[in-house]
Amino acid sequence: MIMSKILIKNANIVNEGKVWNGDVYVENGVFVELASSISAKSPDVQIYDAEGKYLLPGAIDDQVHFREPGLTHKANIATESKAAIAGGITSFIEMPNTVPQATTIEKLEEKFAIAEATSYANYSFMFGGTNSNLDEILKLDPKKVAALKLFLGSSTGDMLVDDPEVLEKIFSSTPLVIAVHCEDEATIKANTEKYIAKYGDDIPIKMHPEIRSEEACYLSSSRAIALAKKTGARLHVFHLSTAKELALFDNKTPLKDKKITAEVCIHHLWFSEEDYDNKGTLIKWNPAVKKASDREALLKALLDDRIDVVATDHAPHTKEEKRNVYTKAPSGGPLVQHALPAMLELYHKEKITLPKIVEKMCHNPAILFDIEKRGYIREGYFADFVLVDLNAPWTVNDENILYKCGWSPFHGATFKSRITHTFINGGLVYKNFKFYETKRATRLTFNR
């Protein structure tokens, strides 16, 4: 770690429910002092005047697919973590359904080794559960692994966990957070067969939310929650997409005490079924983007704390892959570079406050996964933070898209806010579309 002394002057600091103007002093990678005014303590302090800008904790994205190893024609940890820091995401947790899958400790550690060598953002990985790897799950060190990921809807390889007896054993056996993708496989298969019989492989994309339906989501999420309540497991339900599921979640219990938590992804807060005509398979995700009424209900639940976290489910595919007919076009899209700007657009539309964005993208992931000393602007915490200009419009185009796949579902959108600086572990790693090649990222650790 290259040590440095940094003083941020005159920033509008967004942290722990408040916005206040002040200075932030960073030394040796951590926040040392927060005050209304701080003077440089030595001549080697780098001073940044942030007047007019907003200082936010770096976002923590708990659900990304960076595709390495095995699918690196789509993305890799270096390219996507670079896009993430340009988007204000300073830490990520990556999913296990790579090739090979991270369903053994050996394969998991191979991914950590890649990230240690190439990642621009702080990193951790989830371990993948299957119908046959309970012995490996029980060997995991909770202080070193972010969580256990279970696919309860279709996924690659053998990662669909559909044996009820195995599920109950896993839920009963691990102290880790169990993160789940909830869609009922039988319902999806039946719906798919019905639409193939009608249309063949070229099913209209607007049928996607009928195939991966509200009922498929609700059946699976309600079963997972019932099992968590039965076993006492710590459950986190990924990417809610329906209004119907929201009744399953609690907004009375403080997050630190919740046993069952939920998240929503950027695309489910931004797009609706009305966008399929224009965007086509570029907005094909699992779970599907559904009705505008679902989108509005999800935002409301985010604001009233039934939903705890905002994530991306960043999952890039090539343009060629996405342009296939419905049954062959993969689900997923790239989002890390544009997630925070999209949420700030909702702020400009007066649909959410800046402190609530920081709560859901920075504070709450740190609480939910027990991440050590990140997610806040606090003395003694690792200095992961961004500076944002709320009045610096820019348009997403081919020249400024940083994903390896080279496209974005936000192509052509104009965002009012721009991430101007990103600092990781006390060092500047990104400034106005320029990257600093000194890598400062480290492996996330957990207070468990």
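Could you look through segment 22-37, keep only residues that are aliphatic (A, V, I, L, M) and in contact (Cβ under 8 Å) with a residue 24 or more places away in the chain, and pick out the one that is most open to solvent (accessible area, probe 1.4 Å)?
So, considering only residues that are aliphatic (A, V, I, L, M) and in contact (Cβ under 8 Å) with a residue 24 or more places away in the chain, the one most open to solvent (accessible area, probe 1.4 Å) is V32.
Given the residues L269, L282, which is the only one that is in contact with a strand residue (DSSP E or B) (Cβ under 9 Å, 6 or more places away or on another chain), open to solvent by 10 Å² or more (accessible area, probe 1.4 Å) and modelled with pLDDT of 95 or more?
Within the list L269, L282, the selection yields L269.
Would it be correct to say that D250 is open to solvent by 40 Å² or more (accessible area, probe 1.4 Å), out of contact with any strand residue (DSSP E or B) (no Cβ under 6 Å at 6 or more places or on another chain), closer than 16 Å to V309 by Cα and in contact (Cβ under 8 Å) with a residue 24 or more places away in the chain?
For D250, the condition - open to solvent by 40 Å² or more (accessible area, probe 1.4 Å), out of contact with any strand residue (DSSP E or B) (no Cβ under 6 Å at 6 or more places or on another chain), closer than 16 Å to V309 by Cα and in contact (Cβ under 8 Å) with a residue 24 or more places away in the chain - is met.
One line per residue, one yes/no per condition, for (1) over 19 Å from V429 (Cβ atoms); (2) surrounded by 16 or more Cβ atoms within 10 Å (Cβ to Cβ); (3) over 19 Å from the mean Cα position of the chain (by Cα):
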site	(1), (2), (3)
H348	yes, no, yes
K351	yes, yes, yes
I357	yes, yes, no
L368	yes, yes, no
E372	yes, no, no
F382	no, yes, yes
K404	no, yes, no
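Filter segment 299-313 down to the residues that are within 27 Å of T231 (Cβ to Cβ) and of a type outside the set (V, I, T), then identify the one that is surrounded by the most Cβ atoms within 10 Å (Cβ to Cβ).
D313
Here are some residues: Y376, Y430. Which one is under 30 Å from R306 (Cβ atoms) and either buried (at least 18 other Cβ atoms within 10 Å of the Cβ) or in contact with a Pro (Cβ under 9 Å, 6 or more places away or on another chain) (or both)?
Y376
Every residue, every condition in (1) of a type in the set (D, E); (2) out of contact with any His (no Cβ under 7 Å at 6 or more places or on another chain); (3) closer than 23 Å to K229 by Cα, yes or no:
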position	(1), (2), (3)
T72	no, yes, no
A75	no, yes, no
A83	no, yes, no
I93	no, yes, no
P96	no, yes, no
V99	no, yes, no
I137	no, yes, yes
P164	no, yes, yes
E168	yes, yes, yes
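Looking at segment 5-21 only, could you name the residues that are open to solvent by 40 Å² or more (accessible area, probe 1.4 Å) and of a type in the set (S, T, N, Q)?
N10, N21
State whether one or more residues within segment 89-110 are modelled with pLDDT of 95 or more, among the small types (G, A, S) and touching a Ser or Thr at 6+ places or on another chain (Cβ under 6 Å).
Checked segment 89-110: no residue is modelled with pLDDT of 95 or more, among the small types (G, A, S) and touching a Ser or Thr at 6+ places or on another chain (Cβ under 6 Å).
Please work out which residue is nearest to E183 (Cα to Cα), limiting yourself to segment 206-226 and to residues that are hydrophobic (A, V, I, L, M, F, W, C) and open to solvent by 30 Å² or more (accessible area, probe 1.4 Å).
L219
Looking at K41, K18, can you tell me which residue is closer than 21 Å to G375 by Cβ and among the basic types (K, R)?
K18
What about E320, is it more than 21 Å from S408 (Cβ to Cβ), open to solvent by 40 Å² or more (accessible area, probe 1.4 Å) and not in a loop (DSSP other than H, G, I, E, B)?
no
The values are calculated or read from the model by the stated rules, or taken from the named source; none is laboratory data. Computed from a prediction, not measured in an experiment: that's the story for all the values here. Here the Cβ is made from the backbone with ideal geometry for all residues, glycine too, and neighbour counts use every protein chain on show. Keep in mind that these areas ignore ligands, DNA and RNA; they rest on the heavy atoms of the full protein, side chains included. Shrake-Rupley method; radii C 1.70, N 1.55, O 1.52, S 1.80 Å.
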